[in-house]
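The values are calculated or read from the model by the stated rules, or taken from the named source; none is laboratory data. For clarity, every value in this text was computed on a predicted model and none was experimentally measured. Glycine also receives a Cβ, built like all others from the backbone with ideal geometry; neighbour counts cover every protein chain displayed.
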Amino acid sequence: MPMTNQAHVHLRKDRCGLLAGGNWIVDHVKLIDGWPAQDTLANITSQSDGNGGGSYNVTKNLAKLGCGFPLAGIGLIGRDADGEKIMRDCDAHGIDRSAIVQTSDAPTSYTDVMTVASTGRRTFFHQHGANALLDAVHFDLSKTRARIFYLGYLCLLQKLDAVGGDQHTPASRILEQASGLGLVTAADLVSIGTGDFAAIINPSLPHLDFLFLNEYELARLVGENAVKSPAGLEMQAKKVLECGVRQAVVVHLPEGALCVSRQNQTFMQASVRVPSEMIAGTAGAGDAFAAGFLFGVHEGWDFQRCLELGGCAAAASLRNATCSATIEPWQKCLTLGRQLGFHQNFSMK
């Protein structure tokens, strides 16, 4: 739904770059020939390791998009082979890892990602590991010159998700501090069955400029059934805006994405028509989308343009079962999306 008055964010010119805090995970991705019934067997046809977790995926994707601005991370990883792998990967992609701390108290967090080869559908088996110990004490935002602070994933960071007697969480206080220092704040969620989903997320909403979530997370947050129609998604996103999100609620799903802004504008972008034979897996597509969108936010783009790059980055990521292997410079991602074309059935009509 193109708009003539394209919204964008006022940015502080004395700040530059993105600082990402939260989950740093190694994904152990296994392609399987089918999803087995209980007590039966499926065959693993190939396997590989890759980056996982919101902070890791977003920063690495931004590096591969060729963002050209500083990237840094905050997190907790183990003193083990997976932890060393993360450190080397950060170095290889120019991500400042000085605030990514290694601990001997827990292993590096990892996820076994089971991807059905014929469909690209994936199922996650997660070991919380060191991420479970990440706490507010690990976040010192006073010296950062970053323009954007990203936190992810809410609902997968046990200490930061803990709801106190005052109904606040450490995550909400970190985001409040980031806002007070003049950073643009963004957060992403994880699809998890915890019963206190809204109680964990709601305290952070007034301190967020952008909230990224999929249609299922949106429905859980507002206490309604999941919908896929743009009009229904817009109505639910507006309810989240009413809880305090300052700039926009950004909803992504396989069919497309919406950006519902505080200025009472809704921007839409249909997803790229990626042929099924090009899809190797869908793990990390949401984080690729967020990276593309935040790239645009950092550069002062209007929301429609941010949505397009987000969708094209997500499409690029589908070509490999890991989260970031096929992310390319942003111009190539846009070219890929425009050459393949966009679905036509994602609209308010």
message: Exactly one of these conditions fails for ASP135: (1) acidic (Asp, Glu); (2) modelled with pLDDT of 95 or more; (3) under 19 Å from the mean Cα position of the chain (by Cα). Give me its number.
response: (3)
field: Selection within region 176-234 - charged (D, E, K, R) and either in a helix (DSSP H, G or I) or free of Cβ contacts under 8 Å to residues at least 40 places away in the same chain (or both)
entry: GLU176, ASP196, GLU215, GLU217, ARG220, GLU224, LYS228, GLU234
- prompt: Going by the structure shown, is ASN23 of a type in the set (S, T, N, Q), within 19 Å of the chain's Cα centre (by Cα) and over 19 Å from PHE295 (Cα atoms)?
  reply: yes
- prompt: What are the pairs, 6+ residues apart or on separate chains, where a residue within region 72-84 that is modelled with pLDDT of 95 or more has its Cβ under 8 Å from a residue that is among the aromatic types (Phe, Trp, Tyr) and outside any strand (DSSP E or B)?
  reply: GLY73/TRP24; GLY73/TYR56; ILE74/PHE139; GLY75/TRP24; GLY75/TYR56; LEU76/TRP24; ILE77/TRP24
- prompt: Just checking, which of VAL249, VAL245 is in contact with a strand residue (DSSP E or B) (Cβ under 6 Å, 6 or more places away or on another chain), closer than 20 Å to ASP188 by Cα and without any contact (Cβ under 8 Å) to a residue 40 or more places away in the chain?
  reply: VAL249
- request: Examine region 225-232 for a residue that is surrounded by fewer than 18 Cβ atoms within 10 Å (Cβ to Cβ) and basic (Lys, Arg), and state whether such a residue exists.
  value: yes
Residues (over 22 Å from LEU318 (Cβ atoms), among the charged types (D, E, K, R), out of contact with any Asp or Glu (no Cβ under 8 Å at 6 or more places or on another chain) and not in a loop (DSSP other than H, G, I, E, B)) located in region 94-144: ASP96
task: May I ask you to say which residue of ALA288, ALA280, ALA325, ALA315 is hydrophobic (A, V, I, L, M, F, W, C), in a helix (DSSP H, G or I) and within 20 Å of ALA117 (Cβ to Cβ)?
output: ALA315
task: Please work out which residue is surrounded by the fewest Cβ atoms within 10 Å (Cβ to Cβ), limiting yourself to region 290-349 and to residues that are of a type in the set (Lys, Arg) and more than 17 Å from GLU277 (Cα to Cα).
output: LYS349
task: Name every residue in region 108-159 that is out of contact with any Ser or Thr (no Cβ under 6 Å at 6 or more places or on another chain), surrounded by 19 or more Cβ atoms within 10 Å (Cβ to Cβ) and under 30 Å from ASN43 (Cβ atoms), in order of residue number.
output: THR108, SER109, TYR110, THR111, VAL113, THR115, LEU156
- line: So, first residue under 23 Å from GLY50 (Cα atoms) in region 321-342, second residue at pLDDT 95 or above and among the hydroxyl-bearing types (Ser, Thr, Tyr), Cβ within less than 7 Å, six or more apart or across chains; the pairs are CYS323/SER317; SER324/SER317; THR326/SER317; ILE327/SER317
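Yes or no, residue by residue, for (1) within 19 Å of the chain's Cα centre (by Cα); (2) loosely packed, with under 14 Cβ neighbours inside 10 Å; (3) under 30 Å from GLY311 (Cβ atoms):
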{"site": "LEU19", "(1), (2), (3)": "yes, no, yes"}
{"site": "GLY34", "(1), (2), (3)": "no, yes, yes"}
{"site": "ASP39", "(1), (2), (3)": "no, yes, no"}
{"site": "GLY54", "(1), (2), (3)": "yes, no, yes"}
{"site": "ALA63", "(1), (2), (3)": "yes, no, yes"}
{"site": "GLY83", "(1), (2), (3)": "no, no, no"}
{"site": "HIS93", "(1), (2), (3)": "yes, no, yes"}
{"site": "THR103", "(1), (2), (3)": "no, no, no"}
